[in-house]
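Engineer: Quick one: structure below, then a few questions.
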């Protein structure tokens, strides 16, 4: 329930597992509303409803790379291979080899820990 004049804290959500929604795995989305059963996130300035069990919700923005493993998944990695990382700052996707502790983003040049 929202009270008029009261600012709600910003929350972030990302897919936890496969789900038929227009969300990219590994990407964090701003939460518009959350309840026990569903989360509404902002995807390109449009609200998208996702069942609550399929998302992780956080009150802090992401600060580390998210690792995506698409082996055996219906969604392909877009030519990135079976494992790739998603930058927490600009959402750039990069192929992932080995188990680095940090990565530098080729787009925004930020250095972030790998989750």
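The values are calculated or read from the model by the stated rules, or taken from the named source; none is laboratory data. Computed from a prediction, not measured in an experiment: that's the story for all the values here. Note that each Cβ is placed from the backbone with ideal geometry, even for glycine, and that neighbours are counted across all protein chains shown.
Engineer: With respect to residue 113, is the statement that it is modelled with pLDDT of 95 or more and within 18 Å of residue 21 (Cα to Cα) true?
Structural biologist: When the stated conditions are applied, residue 113 does not pass them.
Engineer: Just checking, how many residues over the range 4-29 are in a strand (DSSP E or B) and without any contact (Cβ under 8 Å) to a residue 40 or more places away in the chain?
Structural biologist: The total comes to 1.
Engineer: Right, another one. If only one of 42, 56 is exposed (fewer than 15 other Cβ atoms within 10 Å of the Cβ), in contact with a strand residue (DSSP E or B) (Cβ under 9 Å, 6 or more places away or on another chain) and in contact (Cβ under 8 Å) with a residue 40 or more places away in the chain, which one is it?
Structural biologist: Just one listed residue meets the conditions, 56.
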